[in-house]
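Everything below concerns the one structure shown next.
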Amino acid sequence: MKSRILKNSFVVLLALTYLLAIPLLAARLFGTEENVTASVASTAHAAEPEPLLYNDPGKDAGPASPPDGGDSGGGTDAPALPDDPKQSADPSAEESPPEAGGTAAPDTAGPSSAPQGGTPETQRPVQTGMPGEEQAPSTAPGETGAAETAPSSGPPSGSGDAAQADTPPPLTEYPPDPEGGAVTQDTPPAQRRGTFSTVTKDYFDTALFIGDSRTVGLREYGDLDNADYFADVGMSVFSAFSTKVSIPGVGGTGLENLLGTIVYEKIYIMLGINELGYDYDTVVTKYAEVVGKIRDLAPDAIIFVCANLHVSEGRSSKDSIFNNPNIDKLNGDISRLADGETIFYLDINPVFDDGCGNLSSECTGDGTHLYAKYYKPWSDWLLTMGIKV
Amino acid sequence: MLFSSLEFIFIFMPLFFAVYFLLKNGLRNIWLLIASLAFYAYGTVGEPAALILLVFSAAVNYLAALLMRRSARRRLILVLGLAFDFGCLFVFKYLDFLLGSLNALFGFIPPLRGISLPLAGLALPIGISFYTFQAASYLIDVYAGRAEAEKSAVRFGAYLCMFPRLTAGPITPYGAVTRRLENRRHTLWKVNSGLMDFALGLGMKVLLANQLGRLWNSVGYIGYESVSTPLAWMGIFAYSMQIYFDFHGYSLMAVGLGRMMGFDLPRNFDSPYASLSMTEFWRRWHMTLGAWFRDYIYIPLGGSRSGKAKTIRNLLVVWLFTGLWHGANWNFVLWGLLTFVLIAAEKLLYGRFLTAKPALGHVYMIIVIPLMWAVFAITDLRDLFTFFGRLFPFGGPGVNVYALDYVKYGKMHWAALLAGLLFCTPYPERLYRKIKGSPLCTVFLLIVFWASIYFLYKGLDDPFVYCKF
């Protein structure tokens, strides 16, 4: 008898532990919206590199068929480009002449992304990143003040366009961002005024990248191996100063110690995707705090606050948290931290855009991270977006 | 609803078994049928066609078998019944594949170029590949006199739809369960033992398969052209283990659930990775599917007793169908053909060397198994080509390869890889059978169970690889 009970103890013990677990599981299964949100957010935190939860089945296009400019453009921008040739011949005839006028945008740039400028205005007047311009005064009066007076500074104005037009050939292999105009349109003031120009790789000798898994990808697969990367999977503005990362030549270090040890001239920050799902205002405040602290620790560095890379259409449409409206909203607020003097805003999204404000599904397998081969064009793009010190 | 979901484990299962054991013996089959249909309905929410098809299919096969008993035109009824079963399977699973392939073909024939047949766009009903095969085996067995036509609609419905094996097997011929449907004994030990198998299977699925799957997914997310050769191999080994633990774990859970109700469902796996040849592998991998193809296609065609040429033809037929059964895509056809080539070559050329020298056989299988799974896993043939280019990097370096990627992913997944390797050998399961019921085993399985629940709770679950049919 005794041995029979012992032999069958599994079912008994399991039943007992079941009872103990029921309150916990009830919370999960019948949890309120908030609970779900929080748990999803924390999951994303832990599992950001391979969000299995959100497997994107639509990766058939596959890596074997890299998008070539003509092709992917055709599907997305056809209606916007009836007069493409004219535009590429004369960029200044665009619908945004005041800006373009300031700089003699090199017409040698050819049919790169710039020529499309302006056209999508009517098509897609408000991208979510854009409210930055209108709403700015209320949130960041100082900066906007600068932004509004900026046009008087002549040459710098419109050089955002110029930078786009300056773009070297590598970029044109990728979706020639039919929303190129959106770059012009949506680009916040700071980026437009910045003296972005093409730099050589050694520019990044003194650069530091701070970021999450996307930045980890840039470190591993990008071309800029001379830069330092304070990047870790799941990093957020909440953890940036508490995480330890191993930096070659320094060893495992926190960010504060790192900035005290090495003097970087350029600091790139790309955080924010992991923060989605947390209280929005707290995130924005914390983001500003982090940037401010970095500013204090590296007073002479140029800081680039970088837009978060979009997610694919497939993911964005299904995900209540990690979707492009949320990313655009946050990017808009990040862009407002730029002052155009020492803090600049960079938005990589147009390079990998599918034409509708999403990360092109050709560029990603999981809907969130780029295929390795696309980190090269990313680093190439960064080379065109240098700020001369 | 997957067995490895919190809904199943904490709502469906307790509810089902509570009612099941409260009911009298005579009502348990009805409850099993009702609960199974509810299980299926829940799993196919939004696709009412799937449930309707299942019920309709059950009704047609039930009536066909009954008619066969009385009618003089038994053969005609058999043919019509099978035509219905395989017709449904064809329409829902293969029609678009055929149309798409025809459209692609038209592109190569100038006069037909430009013709594009519209696709049907039907969703694949869950489990159709499995229950169709069961229904077909039933009709054939009744026709051949190996089984009695079931008179009770409830019993037949419970046989065809029973939730433990509705969505992914094990495929069980009717004769094997009929006795148990009429009369089965329920004992505490059966419940306990079934639950232990369930916990072990859950652990395999959640703690091993899902974790190994993350490694394989990473390879896809990086892009096949950009993985280093060591990572490519690591990835395909991980996938090989993932698919094994995924399906083996699922099958263990199904058998365990069946045993809790007093059924003896057949096991599906017998340490296949310890095989010495492809031929042996397929006797030990997804055994119920292999048995189906053997009993209902290979042997009726003459098996291996009508001369070499016919044997080879029969193998070819079986493996083409086995390939297609696994999915409506050209890579599965290729996969079936390659399996055929290996099995035929073993039969004709080198099989006896492999079995004579086990070390040789193991080395052969360690290379062949992951390569075959690569063909299985990568459905796009160009991607497959790219991936083989990384496994065997004679074609030059990849694109943007991060040379130390395998160190990174090795650090992330070494525990799952090592545990997976261990559980691919026959020893852990041999030990399990020996100590099942001992306190040590009980404690181990309790830990496995709750660790799995913890992982599920954390949301690291992903669907059974094998439910994509």
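All of the numbers you see were taken from the coordinates with simple rules; none came from a lab. Everything numeric here is computed off the predicted structure, so don't read it as measured data. Quick reminder, even Gly has a Cβ in these numbers, built from the backbone with ideal geometry, and neighbours come from all protein chains shown.
Are there GluC sites (Glu not before Pro) in the range B:139-246 that DSSP marks as loop and that have at most 15 other Cβ atoms within 10 Å, and which are they? Write down the numbers at each step before the final one.
Numbers: sites: B:Glu148, B:Glu150, B:Glu182, B:Glu225; in loops: B:Glu148, B:Glu150.
Answer by residue number: B:Glu148.
If amide hydrogens are placed 1.01 Å from N in the peptide plane, which non-local residues have theirs closer than 5 Å to the one on A:Ile247?
A:Gly252, A:Thr253
Semi-axes of the equivalent ellipsoid for the range B:1-152, please: Cα gyration tensor eigenvalues, times 5, square-rooted, ordered largest first, whole Å.
36, 26, 10
What are the GluC sites (Glu not before Pro) within the range A:276-343 that DSSP puts in a loop, where the Cβ has at most 14 other Cβ atoms within 10 Å?
A:Glu341
Could you put B:Asp141, A:Asp296 in order, starting from the residue whose Cβ has the fewest other Cβ atoms within 10 Å?
Values: B:Asp141 21, A:Asp296 10.
In increasing order of surrounding Cβ atoms, one gets A:Asp296, B:Asp141.
Arrange A:Cys356, B:Cys441 by Cβ neighbour counts within 10 Å, fewest through most, would you?
With the sparsest Cβ surroundings first, the list reads A:Cys356, B:Cys441.
Structure shown: which of A:Lys318/B:Lys205; B:Lys347/B:Lys436; A:Lys201/B:Lys411 lie over 29 Å apart, alpha-carbon to alpha-carbon? Could the numbers behind the result be given before it?
Values: A:Lys318/B:Lys205 26 Å; B:Lys347/B:Lys436 38 Å; A:Lys201/B:Lys411 31 Å.
B:Lys347/B:Lys436; A:Lys201/B:Lys411, as the Cα separations exceed 29 Å there.
Once amide H atoms are placed 1.01 Å from N in the peptide plane, what residues at a sequence separation of 5 or more from A:Ile267, or on another chain, have their amide H within under 5 Å of its amide H?
A:Leu208, A:Ile302, A:Ile303, A:Phe304
Packing-wise, with mean Cβ within 10 Å as the measure, how do B:7-13, B:168-174 rank, highest first?
B:168-174, B:7-13
Counting pairs of alpha carbon atoms under 8 Å apart in space and at least six apart in sequence, what relative contact order in percent does the range A:288-389 give?
Here the relative contact order equals 30 percent.
Among B:Met412, B:Ser4, B:Gly223, which residue has its Cα positioned farthest towards the positive end of the charge dipole of chain B, with +1 placed on the Cβ of Lys and Arg, -1 on the Cβ of Asp and Glu, and the dipole taken about the Cα centre?
B:Ser4
Quick one: compute the contact order of the range B:190-468, relative version, from alpha carbon pairs under 8 angstrom and 6+ residues apart, as a percent.
Numbers: 340 pairs, mean separation 86.8, N = 279.
It rounds to 31 percent for the range B:190-468.
Please report A:Asp279, B:Asp295 as a ranked list, fewest other C-beta atoms within 10 angstrom at the top and most at the bottom.
Numbers: A:Asp279 10, B:Asp295 15.
So the residues, fewest neighbours to most, are A:Asp279, B:Asp295.
Could you rank the peptides B:253-260, B:189-196 by their average count of other C-beta atoms within 10 Å per residue, with the highest value first?
Top to bottom by mean Cβ count within 10 Å: B:253-260, B:189-196.
For the range B:190-468, just run the numbers: alpha carbon Rg, then divide by 2.2 N^0.38 Å, N being how many residues it has.
1.06
What nm value, rounded to one decimal, do you get for the distance between B:Ala153 and B:Tyr427 when each label is placed 7 Å out toward the C-beta?
Computed distance between label sites B:Ala153 and B:Tyr427 equals 5.5 nm.
Take every residue in peptide B:433-439, count the Cβ atoms of other chains within 10 Å of its Cβ, and give the average of those counts.
2
Please tell me the relative contact order of chain B in percent, rounded to the nearest whole number, where contacts are Cα pairs under 8 Å and at least six residues apart.
19
Read phi for every residue in the range B:149-163 and hand back ³J(HN,Hα) as whole Hz from Karplus 6.51 cos²θ - 1.76 cosθ + 1.60, θ = phi - 60°, with x for Gly and Pro.
With the stated coefficients, the range B:149-163 comes to 5, 7, 8, 7, 5, 5, 5, 5, x, 5, 5, 6, 9, 3, 4 Hz.
I need the trypsin sites (Lys or Arg not before Pro) found in the range B:365-460, filtered to DSSP loop residues with at most 15 other beta carbons within 10 Å of theirs.
Loop-located and lightly packed - B:Lys458.
How large is the helix-only mean residue ellipticity at 222 nm for chain B, computed as the sum of -39500 (n - 2.57) over DSSP H runs with n ≥ 4, divided by its residue count, in deg cm²/dmol to the nearest 500?
Working: 21 runs with 310 residues, N = 469.
Using -39500 (n - 2.57) per qualifying helix, the result is -21500 deg cm²/dmol.
Once label points are set 7 Å from the Cα along Cα→Cβ at both B:Phe86 and B:Leu98, what is their separation, rounded to one decimal in nm?
Calculated label separation equals 1.1 nm.
Using the alpha-carbon centroid of each, what span in Å lies between the range B:158-218 and the range B:282-352?
26
Peptide B:129-142: average number of partner chain Cβ atoms within 10 Å per residue?
Per residue, the number of nearby Cβ atoms from other chains is 0 on average.
Along the Cα→Cβ direction, 7 angstrom out, place labels at B:Arg146 and B:Phe17. What is the inter-label distance in nm?
If labels sit at B:Arg146 and B:Phe17, their model points lie 3.3 nm apart.
So if we plug the beta-carbon distance of B:Leu371 and B:Leu117 into 1/(1 + (r/R0)^6) with R0 = 35 Å, what FRET efficiency do we get, rounded to 0.05? Working shown, then result.
Numbers: r = 35 Å, r/R0 = 0.99.
Taking R0 as 35 Å, the efficiency between B:Leu371 and B:Leu117 is 0.50.
In whole angstrom, how far apart do the alpha carbon centroids of the range B:397-457 and the range A:240-265 sit?
Taking the Cα centre of each part, the range B:397-457 and the range A:240-265 sit 35 Å apart.
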